[in-house]
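What follows is one structure encoded as structure tokens, with my remarks underneath.
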Amino acid sequence: MSFALWTPLAVPVILALLSLAVPVPALRRLAPVASSAAVLGSGLLLVSAVLADQVPTLGGGLLRADALSAYMLTVVGAVGLVSTWGGLGHATAAPARFAGSYDALISVFLAAMSLAVLADNIGLMWAAVEATTITTAFLVGHHRTRSSLEAAWKYVILGSVGVAIALLGIVLIYAASRGTGEPTLSWLVLSQAGLPLDPVLIRAGGALAVLGFATKAGLAPMHSWLPDAHSQAPAPVSGLMSGVLLAVALYAILRIQTITNAVIGPDFLRIMLSIAGLLSLFVAAALLIRQRDFKRMLAYSSIEHMGMMAVGAAIGAAALPAVLLYVLGHGLTKATLFVISGRILEVEGTPRIDGVRALLVRRPGLAVPWLIAMAALIGFPPFSIFFSEVGIIIAGWTTGMGAVVGIALVLLLVIFASLTRLTVTMTIGAPAASVTAGAAVAAGAAVGAGAAGAAVGAGAAGAAGAPAELAGPDAPAAPPAEPDRSAHGPRLPLILALGTTAVVAFIAEPVGTLLARAAAVLGGIQ
């Protein structure tokens, strides 16, 4: 089964090289889809091995797939497949000299994320997360506009500061391991109870490492790069960043937390993660109330959900299965929403919420999946986010953190109301007169452009097939346009993603068993 450890690393790298070499754009666009499929297939194979009580290793244990790693690799592949497959219809035009780089960078991104979750060495995990800073910086600035380049630079600066802080923390953890007689960065070794690790160094190193990775996870107050990056990146990239990059950063936090808990106990990081989680919920609630951009709305929602996951991580073992289920549900839902948001942006021509009205009447092919996915994101049953949030809240009450989950619940209600209002604004109601008039003008312009040699005025009316005398102010109103029922891209990945989030919480075998084993790994049980 060791081949399933190198496949998610080698296949995306090979496909990235082919993306740069192959001159056919249609084939290049399939490379990220194939990379995601390879990662997902490897994850499922490793999950089957873990459920059969195997722990595949490679490179002398440098790569290792326990239950948590296998589960996270599956999440990376599943979210990647939804984003890349669903984004096949997304326009990613860039200057000719950058042809192929977009698809190659996505494949490299998937390889780096796979390495991060499979590495048993926390130094190698850090290097993989740092590699994503490089790849995603170019992806965020892919459109080469002023706003996208500004967002990319902000991401590079803040992301680099975060990973530098995390590196300092990892160095201190390595220094603390010198007391064992053989310094190591192996997570498997460091997480064992009873090791003579220096508690002072572990406290400082754990705090710095968690702070650094929290920057990559988009937790407040280190979140300021996230709204700009998510709103300016191409929609499939935004889905990958929200569903994969943030989740892998949280994974790194959970790994570091296990090491610190074994040495100094859970209270120190519990306070730190609780504050970061509640602050993230507060920031999201405050900024969603008056949000005007639907891609930024999704970005602030990512901050909210990462904050709730941080609260779950602070609660500890009782909430970990819910947190891990949350990772999958949020990743699939957010990838779906970002893909749809990209399609809405292309056909409507504006990211402003007040410029997109009555989608359910005008474009039901986009509005219906948008509404279903928003219901999943907000936390309606039977979608898994509902059960994840309920599980975290119940675990908090039963473990004496009622005040923390109580505050979180109030903030969740504010966010629920804000997202519901914004979604209704975009989808429900009758088309505004300006929208109808704009559609008529656009249709007339298209007809006029299609008529060779057509003149302005009566000539344009004649090209449209209408008598010139009807072109005056007394002309009857044009009949309403037919609703646009096109999905403007592949439907199947969206259906699979939303269907998975709707049923996964009800599958006890093998999903429940896998979640329990992954949570047990974080509790120190191998």
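No value in this document is a laboratory result; all are computed from the given coordinates. Small disclaimer: the values here were computed from a predicted structure and weren't measured. Neighbour counts are summed over all protein chains in view; Cβ atoms, including those assigned to glycine, are modelled from backbone coordinates with ideal geometry.
Things to note:
- Applying 1/(1 + (r/R0)^6) with r as the Cβ-Cβ distance of ILE495 and VAL200 and R0 = 56 angstrom yields a FRET efficiency of 0.60.
- Order by protection proxy (mean Cβ within 10 Å, highest first), peptides 334-346, 289-301: 334-346, 289-301
- Estimated inter-spin distance, ALA193 and VAL368, nm [label 7 Å along Cα→Cβ]: 5.4
- Residue-averaged [θ]222 nm for the chain, counting only DSSP H segments that reach four residues, each worth -39500 (n - 2.57): -23500 deg cm²/dmol
- Helix 122-140 axis versus longest C-alpha principal axis of the chain: approximately 10°, rounded to the nearest ten.
- Taking amide H as placed 1.01 Å from N in the peptide plane, the amide H of LEU63 sits under 5 Å from that of LEU58, ASP120, each at least 5 places away or on another chain.
- Rounded FRET efficiency, nearest 0.05, which uses the C-beta distance separating VAL503 from ASP53 and R0 of 25 Å: 0.45
- Compared with the alpha-carbon gap, the fully stretched path from ARG485 to THR145 is longer by 119.3 nm at 0.36 nm per residue.
- Peptides 253-265, 395-407, ordered by how many other C-beta atoms sit within 10 Å of their residues on average, highest first, read 253-265, 395-407.
- Potential lengthening between ILE134 and PHE380 on full extension [0.36 nm per residue; Cα-Cα distance subtracted]: 84.9 nm
- Recomputing P(r) over Cα pairs in 20 Å bins from 0, in percent from the coordinates shown identifies the correct label among [x] 23, 53, 19, 5, 0; [y] 21, 57, 21, 1; [z] 22, 47, 24, 6, 0 as [x].
- Stretchable slack from ARG290 to ILE428, in nm (0.36 nm times residue separation minus alpha-carbon distance): 47.8 nm
- Sequence-distant contacts, meaning Cα pairs under 8 Å at least 6 residues apart, place the relative contact order of segment 313-405 at 41 percent.
- Using a Förster distance of 41 Å, the FRET efficiency for LEU20-ARG421 (Cβ separation, nearest 0.05): 0.35
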